[in-house]
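Below: one structure, written as structure tokens.
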Amino acid sequence: MSEKKKMLDPEGVKATVIDSYKPEGALFGFLKELPLHSIVAPISLVLIVIFFVTSSDSGSLVIDTITAGGKMDAPVVQRVFWCTLEGLVAIALLLGGGLSALKGAAVSTGIPFTFVVLIMCYCLWLALKAEHKKL
């Protein structure tokens with residue numbers, strides 16, 4: 001199969017990207033195969049940064065609200081502290097053990113939260129059962 005036919009075939013493009021790039025570079029490798037990649041690649045990078053910043057900000061807002069006892073108007077310094085701490089933990093995990101350490105930390109902190117969610121489901125069931133008896 002000629003190189004041009006390979007590039008026009010969707011499976012050929014996919015195989016070219018998968019074979020040529022590591023997983024973390026696959027998006028930009030794929031974008032390199034498209035027209036206007038010099039415009040689309042920086043835009044996608046900006047969108048990725050915006051995604052991570054807004055996700056971190058949302059997480060920091062939740063942690064800040066919890067540590068402030070439910071008050072939404074906690075000091076700004078406290079929220080900046082949580083944002084900074086989240087970033088430093090992520091950097092330490094990436095530098096210390098790479099992406100696998102970051103994934104492991106995400107899973108190991110998510111497992112205990114599963115039990116919290118199960119307890120919340122049970123409490124919701126009890127509350128709905130009590131509400132049903134009132135009707």
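Numbers below:
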{"read-out": "Complete set of residues in region 59-88 that are under 30 Å from LYS22 (Cα atoms) and free of Cβ contacts under 8 Å to residues at least 12 places away in the same chain", "value": "THR84, LEU85, LEU88"}
{"read-out": "Answer from SER58, SER100 - the residue that is in a helix (DSSP H, G or I) and at pLDDT 85 or above", "value": "SER58"}
{"read-out": "Residue list for region 61-86, filter: surrounded by fewer than 11 Cβ atoms within 10 Å (Cβ to Cβ), in a loop (DSSP other than H, G, I, E, B) and hydrophobic (A, V, I, L, M, F, W, C)", "value": "MET72"}
{"read-out": "Test result for PHE30, modelled with pLDDT of 90 or more, assigned to a helix (DSSP H, G or I) and either of a type outside the set (A, V, I, L, M) or exposed (fewer than 12 other Cβ atoms within 10 Å of the Cβ) (or both)", "value": "no"}
{"read-out": "Count - residues of region 1-27 that are in a helix (DSSP H, G or I) and at pLDDT 65 or above", "value": "7"}
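The values are calculated or read from the model by the stated rules, or taken from the named source; none is laboratory data. Keep in mind the model is a prediction, meaning the values are calculated, not measured. Neighbour counts are summed over all protein chains in view; Cβ atoms, including those assigned to glycine, are modelled from backbone coordinates with ideal geometry.
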